[in-house]
Amino acid sequence: MLGSMQRASDPTDLLQDALNESAGGFVELRWHKKTTRGLSVEKGRVDTATASEHSGVGVRVLESGTFGFASTDRLEKGAILRAIGEARTAARASARARKERVPDLPRVALARGRFDAPGVDATLARPIEAALEMLLEVERGARASSSRVTSASTGYAEIYEEKGIVTSDGAKVWTRTVRPEFRVIAVAASGGEMQRGAEAVGVTGGWECLFEGRSANELGEKAAKQAVDLLDAGYPEGGRTRVLLSPALVGLLTHEAVGHTVEADFVASGSCAAGRLGTRVASDLVTLCDSGASEYHAGAGGTMAVDDEGVLAGRTTVIENGFLRSYLHDRESAARSGVAPTGNARAWEYDDEPLIRMRNTYIAPGTSTLEEMIAGVSDGYLLDGASNGQADANGEFMFGTREAYRIVNGKKGPLMRGVNISGSAFDVLQTVDAVGRDFRWDLGSGHCGKGQPAKVDAGGPWLSCEVVLGGRKS
Amino acid sequence: MSGTAVGRVAVKDEATTREHEDRLLSACEALVGLALRAGAHEAEAFATRAEKASASFEKGDLKLAHVDEGSSIGLRVFRDARLGFSATNQFDLESLEQVARNAVALATASPADPANRLPDVQRLEMLAPLVHPGLARLGIEEAVDYGHALVTRAQKHDARISVDGANSSVSRVAQAIHTSRGVRATESDAMVSLSISGMAIQGTDVGGFHYASDAVRDPARIEASLTALVDDFAGTAVGNLGAESARGSYQGLVLLSPDALLDIFVAPVLGAASAIAVQRGRSALGKRLGERIGAPGFSIHDRPHDVDLAGAGSFDREGQPTRDFALLEDGWLRGWLYNGYAAAVENRLSTGHARGGARSVPSLGAHAIHVAAGSGGTREALLATLGKGLLVQRFSGSVDPASGDFSGVAKSSRWVEGGRVVAPVRETLLSGNAYQLLARIVSLGSRAERVDGGARAPWALVDGVNVTAG
C-alpha cells in the first residue's frame with residue numbers, strides 16, 4: 001500500500017488562524033494537496049509507475065486595487081503569514097502598472113463546511129497493483145487481437161485532491177475529490193503504413209463509475225479494431241458539408257468553440273461573444289450549459305462542489321434555445337459586470353492563481369434518434385472519436401476526429417479516416433437542424449490548457465450541423 | 001520518526017546559485033541513501049528549485065503579480081530490474097522516507113525488465129554558467145515593467161490591437177542529480193520569458209488570434225526581444241483583419257513559417273526518431289535509418305549547447321552529457337535519440353536525450369532543435385517562387401505520429417498571387433502526410449529564425465499539401 005506524505009485532515013482552522021493574524025483587506029488562502037498515481041505499460045513493459053504528492057498554500061491578496069499572489073509549501077502559520085506579506089509586496093510593487101483598479105468583490109454566500117466527491121475513499125483504498133494488472137491484461141489483449149497490431153500501450157492516472165479554502169469575507173471550506181482515468185492506444189501496420197486507434201475515459205468518482213459504460217477490455221478491443229480498420233480506410237473529401245457529430249465531438253464543440261469564447265476574461269478581450277448577451281447565436285434547438293454538477297449521468301470529469309475562490313459551483317445556462325444568456329465568471333469579472341460569480345475560478349496546483357475555467361460543458365439533449373438523424377442527411381458525414389481541439393477568441397475553432405463515415409441519401413457508408421474540422425462557433429451553431437436524445441459525457445480524460453491545465457468534461461447528444469472538413473481531395 | 005529537515009531548501013533566502021545547487025545535491029544524496037536502505041537496488045534522485053516573479057496582463061491591463069519559490073525532488077528506483085518512482089515537494093525527513101518507501105513498493109509490484117538499470121557515469125563538459133549575473137538581480141518590478149512595455153507598445157503600434165493576454169516572467173532554476181552509480185551533477189539557469197496574444201478588432205470584424213513568445217538569458221537582449229515580439233504580434237494581428245476564404249482549394253505548394261514547419265514536419269520526425277518508438281514497432285521511420293527520407297538540403301540537428309535557446313544544458317535528466325546530434329542531414333536519416341532505458345535495450349550508450357523534471361520518470365526527446373537554412377533567399381523570394389497559393393504562419397491541428405497524417409487550420413494565413421500577399425485568409429484547412437511530404441520540401445529560406453526562444457528554423461516551401469477553402 002502506498003502512503004501519503006501528509007495525512008488528510010481539515011486545514012481550515014489553521015488557515016483561519018493565520019488569516020485572523022494578517023492585516024486587513026481581502027485575503028484568500030488555499031491549501032491544496034495533489035496526490036497522483038500513474039502507471040503506463042507498452043508491449044508488456046512498465047514505463048511509468050509513479051506516486052507523487054505536492055502540497056502547499058496559495059495566497060492571494062487584494063492590495064492597492066491589484067491582486068498579488070505568493071505561495072508556500074509549508075502548512076505552518078508562520079510560513080503562511082510570510083507568504084501573505086510577499087503577496088502584498090508583489091501587489092504594491094505592481095499597482096503602478098494597473099490602469100483599472102479591481103472593484104470590491106461581490107458579496108455572495110460563500111461555501112462553508114466539507115464537501116467530498118463520490119468515490120474518494122474506495123479509490124484511494126484500491127491497491128495500485130490492481131490497476132497495474134488491468135493495464136498489463138488490456139495491453140496484452142489489444143496486441144493479441146490482430147496480427148496487424150504491432151504495438152499497444154495502456155495508461156492509468158489518478159488525481160486525488162484536498163483543498164481547504166478560507167477567505168477574509170467568509171469562505172471556510174474543505175473539499176476532497178478523486179479523478180481516475182484510463183487510456184489505451186493500439187498501432188497497426190500494413191504495407192509500410194501505420195494507423196493508430198485510441199480510447200480513453202476519465203471521471204470524477206470511483207472505478208465503478210470509470211468503467212460504467214464500457215469495461216477496460218472492451219475499450220482495448222475497440223482501440224485495436226479502430227487501428228486495424230483505419231489501415232484500409234480512405235480519406236473523406238474536403239469542403240463545407242453537413243455532419244453528424246458524436247457526443248464526444250459535441251463536447252469538443254461546446255468546450256472549444258463556445259465555452260472558451262464565453263469565459264469572461266476572453267469576453268473582456270473582445271471575443272466573438274462580447275456584446276452579444278440576449279442575442280441569437282444558435283439555432284433554437286441549442287441549449288448549452290456549464291455546470292459544476294454532473295448533469296444527466298454521474299461521473300463527469302470536471303465535477304466540483306466549490307470553486308477555488310470558495311464560490312459554490314452551480315449550473316450556468318450559457319445559451320438558452322439559441323439566445324446567449326450568460327458568460328462564465330470569477331469574482332472579479334462578476335464584480336465588473338454587476339452579476340453573481342458563476343463558480344468558474346480554478347487553479348491547477350497550490351502555486352497557481354485561480355483563472356476562469358470551464359467545468360462540465362454540454363448541449364442539452366433534444367428529441368431525435370441517431371437513426372432519424374442519419375436518415376435526414378442527403379450528403380454528408382458522420383464523425384466520431386475526439387482528438388485534440390483549439391479555438392480562438394474570434395470563435396474560429398479546429399478539432400480532430402478519429403473516424404468518419406460518408407452518408408449519402410440517408411445511408412451510412414464504410415469507415416473513412418478521421419480529419420480535422422473547422423468553423424466559427426456561432427455560425428456553426430446556427431446551422432444545427434437536429435439534436436439527438438441520448439446524452440453522454442465523453443471528454444473526461446486529458447486536460448484543458450489555458451496557461452494551467454484543468455480537468456474538465458464535456459458532452460451532449462448527437463448533433464447535426466455544418467462545418468468545414470479538411471479532407472484530402474478538394 | 002521526527003520531521004527533521006534534510007537538505008531543506010530555504011525560502012526567499014539570499015543564498016547564491018552554488019549554495020542552492022549544493023542543498024539540492026545534499027537532498028538527492030540523502031534520498032538515494034534512504035532508497036537503498038528501503039530495499040532499492042539502484043536509485044536516482046533528481047531535484048529542482050525554481051524561483052519566479054511574473055506579471056500577467058489581461059485586456060491590456062495588469063491582472064496579477066505573482067512571486068513564487070518551490071522545490072521538487074523525484075526518486076527513481078530499480079529493485080530486481082523492476083521500476084518504481086515517487087516525488088514530493090516536501091523535503092523533511094519523514095516525507096523523504098515516505099517517498100523512498102513508495103518508490104520501492106511500486107517497484108515491488110512492477111514486472112521486471114532487463115533494461116531497467118541506471119546509466120553509468122559519463123564525463124560531463126559543463127557549459128559556461130547559464131545564469132547571467134545581470135539577470136540574477138531582476139525581480140517582480142522588472143517583470144511588471146517588461147509586461148507593461150509589451151502591452152503598451154502593442155497598443156501604440158495600432159489602436160485596433162486588443163491584447164487578450166500578456167505574460168512576463170523572470171525565473172531562476174537550479175537542478176541536481178545523484179545516483180547510486182555515482183552520477184553527480186548540478187546546474188542552474190535563468191531566463192526572462194515574454195509572451196503576448198490577442199487580435200485586432202475593427203468594428204464587427206474580430207481578426208484572427210495571434211501569439212508570440214520569446215525567452216532570453218542575456219538582459220542586454222530583452223529590449224530587442226520586446227521589439228521583435230511587438231512587431232510580430234501587432235503586425236500579424238492587424239494583418240488578419242478583413243480575412244476572406246481562400247481563393248480556391250488545391251493540392252500543391254504552400255509557404256510555411258518556421259513555426260508551422262516545426263509543428264507539421266519536425267515534430268513527427270522527432271517522435272518517430274525516438275529509439276523506444278523504433279524498438280517497440282510504432283515508429284513510421286523505424287526501418288529507414290540510413291535512407292534519404294527528406295529533400296536534399298533538409299537537415300535537423302539537436303544543439304543543446306546553443307545557449308541562445310531555452311533548452312540548452314550540460315547534461316540531461318539522467319545526468320548524461322548532452323552534445324550536438326545529427327538527426328537528418330541533407331535529407332538522410334542519421335540516427336535515433338536514446339535515453340538510458342533505450343540505450344540499455346541495445347546495450348549501448350545514451351545520446352543524452354533523457355528529458356523531464358523532478359516529478360516524473362525521465363522521458364525521451366530533443367533539447368534545442370536546429371533546422372538548417374537553405375538557399376531559397378528571403379521570405380519575399382520564397383513568395384515569388386510560390387507565385388500563387390497559401391502562406392501559413394501558424395498551424396493549429398494535429399499530426400498523427402504513427403501515420404504522419406496531418407490535418408488542421410492554417411492560422412494567420414495569407415493568399416498569395418503574383419508572388420505577393422494579396423489578402424488575409426480564414427477557415428482554411430491543411431492536410432497531407434508529413435513523412436511523404438518531407439521529400440517534397442522544394443525550398444528553404446536562407447535564414448534560420450528563432451522560434452519561441454526554443455528552436456531555429458527557416459521558412460519552407462512545400463509541395464503536395466492539400467488546401468481546403470472554407
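When B:Ala267, B:Ala284, B:Ala277 are screened for being crowded, with 24+ Cβ neighbours inside 10 Å, in contact with a helix residue (DSSP H, G or I) (Cβ under 9 Å, 6 or more places away or on another chain) and not in a loop (DSSP other than H, G, I, E, B), only B:Ala277 passes. Of everything in the range B:453-470 that is assigned to a strand (DSSP E or B) and within 14 Å of chain A (Cβ to nearest Cβ), the residue that is farthest from A:Thr241 (Cα to Cα) is B:Gly464.
Of all the listed residues (B:Asp120, B:Asp113), the sole one being farther than 17 Å from B:Ala47 by Cβ and at the interface with chain A (Cβ under 9 Å from one of its Cβ atoms) is B:Asp113. A search for C-beta distances below 6 Å between a residue of the range A:380-396 that is more than 9 Å from chain B (Cβ to nearest Cβ) and any residue that is among the hydroxyl-bearing types (Ser, Thr, Tyr) and surrounded by fewer than 24 Cβ atoms within 10 Å (Cβ to Cβ), counting only pairs 6+ apart in sequence or on different chains, returns A:Gly380/A:Thr241; A:Leu382/A:Tyr405.
Only one of the numbered conditions (1) crowded, with 23+ Cβ neighbours inside 10 Å; (2) at the interface with chain B (Cβ under 10 Å from one of its Cβ atoms); (3) touching a Ser or Thr at 6+ places or on another chain (Cβ under 8 Å) is violated by A:Val57, and that is (2).
For A:Glu218, state whether it is farther than 20 Å from A:Ile128 by Cα and either at pLDDT 95 or above or crowded, with 20+ Cβ neighbours inside 10 Å (or both). Yes, satisfied. Of the residues making up the range B:412-452, those that are within 14 Å of another protein chain (Cβ to nearest Cβ), in contact with a helix residue (DSSP H, G or I) (Cβ under 9 Å, 6 or more places away or on another chain) and at positive phi number 2.
In the range A:413-435, which residue that is in contact with a helix residue (DSSP H, G or I) (Cβ under 6 Å, 6 or more places away or on another chain) and within 24 Å of A:Val286 (Cβ to Cβ) is surrounded by the fewest Cβ atoms within 10 Å (Cβ to Cβ)? Residue satisfying both the conditions and the ranking: A:Ala434.
Among the residues of this structure, A:Val432 counts as one that is of a type outside the set (D, E, K, R), within 24 Å of the chain's Cα centre (by Cα) and in a loop (DSSP other than H, G, I, E, B).
Selection over the range B:436-448 of residues that are surrounded by 17 or more Cβ atoms within 10 Å (Cβ to Cβ) and out of contact with any Ser or Thr (no Cβ under 8 Å at 6 or more places or on another chain) gives a count of 4. What are the residues in the range B:70-104 that are assigned to a helix (DSSP H, G or I), more than 9 Å from chain A (Cβ to nearest Cβ) and touching a Ser or Thr at 6+ places or on another chain (Cβ under 7 Å), if any? Listed by number, the list holds a single entry, B:Leu93. Restricting B:Gly365, B:Gly376, B:Gly281, B:Gly387 to those that are within 22 Å of B:Leu438 (Cβ to Cβ) and touching a Gly at 6+ places or on another chain (Cβ under 7 Å) reduces the list to B:Gly376.
Residues checked against (1) free of Cβ contacts under 8 Å to residues at least 60 places away in the same chain; (2) under 30 Å from B:Asp214 (Cβ atoms); (3) away from every other protein chain (no Cβ under 14 Å); (4) within 17 Å of the chain's Cα centre (by Cα):
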{"site": "B:Ser249", "(1), (2), (3), (4)": "no, no, no, no"}
{"site": "B:Leu256", "(1), (2), (3), (4)": "no, yes, yes, no"}
{"site": "B:Glu329", "(1), (2), (3), (4)": "yes, yes, yes, no"}
{"site": "B:Tyr338", "(1), (2), (3), (4)": "no, no, yes, no"}
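Residues that are part of a helix (DSSP H, G or I) and surrounded by fewer than 19 Cβ atoms within 10 Å (Cβ to Cβ) within the range A:121-137 comprise A:Asp121, A:Ala122, A:Leu124, A:Ala125, A:Glu129, A:Ala130, A:Glu133, A:Leu136, A:Glu137, listed in sequence order. Where residues in the range B:24-62 are surrounded by fewer than 24 Cβ atoms within 10 Å (Cβ to Cβ) and basic (Lys, Arg), which of them is farthest from the other protein chains (Cβ to nearest Cβ)? It comes out as B:Arg37.
Annotation: of all residues in the range A:146-202 being of a type in the set (Asp, Glu) and within 22 Å of A:Leu249 (Cα to Cα), the one that is surrounded by the fewest Cβ atoms within 10 Å (Cβ to Cβ) is A:Glu181.
A:Lys99 passes every criterion in (1) modelled with pLDDT under 95; (2) outside any loop (DSSP other than H, G, I, E, B); (3) facing chain B (nearest Cβ under 7 Å) apart from (2).
The combined condition, being closer than 30 Å to A:Ala257 by Cβ and modelled with pLDDT of 95 or more, is fulfilled by B:Ala267. Across the range A:191-214, the qualifying residues are those that are part of a loop (DSSP other than H, G, I, E, B) and free of Cβ contacts under 8 Å to residues at least 60 places away in the same chain, and the one among them that is farthest from the other protein chains (Cβ to nearest Cβ) is A:Arg214. Among the residues of the range A:357-388, the ones that are touching a Gly at 6+ places or on another chain (Cβ under 7 Å), buried (at least 20 other Cβ atoms within 10 Å of the Cβ) and closer than 30 Å to B:Thr204 by Cβ come to 4 in all.
The values are calculated or read from the model by the stated rules, or taken from the named source; none is laboratory data. It should be emphasised that the depicted structure is a prediction, and the values quoted were computed from it without experimental measurement. Every residue, glycine as well, gets a Cβ built from its backbone with ideal geometry; the counts of neighbours run over all protein chains shown.
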